[in-house]
Amino acid sequence: MAAVGATHSIPDGGLPAWTAPDPRMAPSAQLPARLPVSLVRRDGDWGQVADSGGWIGWVDARRLVAPAEQVDTAVLDALGGALDTYRRLVDDLAAARIDVGAFRRGAFAAGLIVRDGEAWLFDLDRGRWARYDGVTVAFGEALDTQVPAAAPAR
């Protein structure tokens, strides 16, 4: 089974891999740092991963690098700009310079970024970004997502 699209990468320093999720076995391979892999399934702390060549193995899934940790600078800039826009919209709503409808339209436009074949959506409830690559939705850690304590009613 070949990887459809990378969902994670191997951390700096590489990662040992096993043919089965059994720590009593010796690792069967050492995966190189920054290798793109697809997380096929989880079994506790174990993750079955596949690379673009079709190789499949088991790794410590807790150590995989999530998409939010491997975002390029241009995307980070776009995400930061979106949060700045969102904060301005919240201020405008709080000061009654815009109504809820205008807030929602502006927040939707600010919280949806499409770049390089991926869509990034801001998850207001969790204060983090979700990345959709056409196959998988992956949630990253919070990326400087200071949001107001009281968000507008939905």
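The values are calculated or read from the model by the stated rules, or taken from the named source; none is laboratory data. As the structure is a prediction and not an experimental result, all values here were calculated from the model. Note: ideal-geometry Cβ built from the backbone for every residue, glycine included; neighbour counts use all protein chains shown.
Every residue, every condition in (1) closer than 24 Å to V137 by Cβ; (2) among the aliphatic types (A, V, I, L, M), yes or no:
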site	(1), (2)
P16	no, no
A26	no, yes
R34	yes, no
G80	yes, no
L83	yes, yes
D99	no, no
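Can you spot a residue in the range 68-77 that is without any contact (Cβ under 8 Å) to a residue 40 or more places away in the chain, in a strand (DSSP E or B) and not charged (D, E, K, R)? For the range 68-77, residues without any contact (Cβ under 8 Å) to a residue 40 or more places away in the chain, in a strand (DSSP E or B) and not charged (D, E, K, R): absent.
Restricting attention to the range 126-154, which residues are part of a loop (DSSP other than H, G, I, E, B) and at pLDDT 75 or above? Selection gives D133, G134.
For A82, the conditions (1) in contact with a Pro (Cβ under 8 Å, 6 or more places away or on another chain); (2) surrounded by 17 or more Cβ atoms within 10 Å (Cβ to Cβ); (3) aliphatic (A, V, I, L, M) all hold with the exception of (1).
For the range 78-103, the set of residues classified as part of a helix (DSSP H, G or I) and more than 23 Å from the chain's Cα centre (by Cα) consists of R88, L89, V90, D91, D92, L93, A94, V100, G101, A102, F103, listed by residue number.
Taking the criterion of being at pLDDT 80 or above and not in a strand (DSSP E or B), the residues of the range 109-125 that qualify are A109, A110, G111.
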